[in-house]
Amino acid sequence: VQLQASGGGLVQPGGSLRLSCAASGSVFDAEYMAWYRRAPAKERELVGRLIGDGTINIADSVKGRFTISRDGAKNTVALQMSSLKVEDTAVYYCTMRYRGNVYWGQGTLVTVSS
């Protein structure tokens, strides 16, 4: 399984950004797909997870601002981010658990700055 994250960039505080993760396999066959982030000098943090049955879990730190969705036709999972804050600056990674194995994408940098 290969994952390709895209959509990162520079955005002003209060702005929005949509990240996309393209999977080489069907996203509907995954046990879960998730987004993590790692901010400078901080530990990796789970942002949100979309479980195979469609259940979505979002971290408290981004709840109400970030949402996760999947597109089976395109085999992609998106992270829609709004009301972005400076503290959301991080490298964002998508992951996929498939048949007991966890796969990681290469990460995409999101910088929130004025």
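Could you work out the longest stretch of the chain that avoids the trypsin sites (Lys or Arg not before Pro) located in DSSP loops with at most 15 other Cβ atoms within 10 Å?
Longest stretch, sites excluded: 1-41.
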Nearest-20 debye value, the chain charge dipole, Cβ charges on Lys, Arg, Asp, Glu: 100 debye
Hz values of 3J(HN,Hα) by residue in the stretch 41-51 - Karplus curve (6.51, -1.76, 1.60), Gly and Pro given as x: 6, 10, 7, 5, 10, 6, 8, x, 9, 10, 7
Net charge contributed by nearby residues that have their C-beta within less than 13 Å of Trp104 (K/R +1, D/E -1): +4
Karplus-derived HN-Hα couplings along the stretch 86-98 (A = 6.51, B = -1.76, C = 1.60, θ = phi - 60°), whole Hz, x at Gly and Pro: 4, 6, 7, 4, 4, 8, 9, 10, 9, 9, 9, 9, 9
Phi-based couplings in Hz for the stretch 15-26 (Karplus 6.51, -1.76, 1.60; Gly and Pro marked x): x, 10, 7, 10, 9, 10, 10, 8, 10, 6, x, 5
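If you take every residue apart from Ala90 with its C-beta less than 12 Å away from the C-beta of Ala90, what net charge results, scoring Lys and Arg +1 and Asp and Glu -1? All intermediate terms of the calculation are to be shown ahead of the outcome.
Values: positive: Arg37, Arg38, Lys42, Arg44, Lys85; negative: Glu43, Glu45, Glu87, Asp88.
Every neighbour counted, the sum reads +1.
Where does the charge balance sit around Ser26 when Lys and Arg score +1, Asp and Glu -1, over other residues with C-beta under 13 Å from its C-beta? Working shown, then result.
On the way: positive: Arg70, Lys74, Arg99; negative: Asp29, Glu31, Asp71.
Summing Lys and Arg as +1 and Asp and Glu as -1 gives 0.
Each value in this text was obtained by applying a stated rule to the coordinates, not by laboratory testing. Note that the structure is predicted; figures quoted are calculated from it, not measured. All Cβ positions, even for glycine, are placed from backbone atoms using ideal geometry, and neighbour counts span all protein chains on display.
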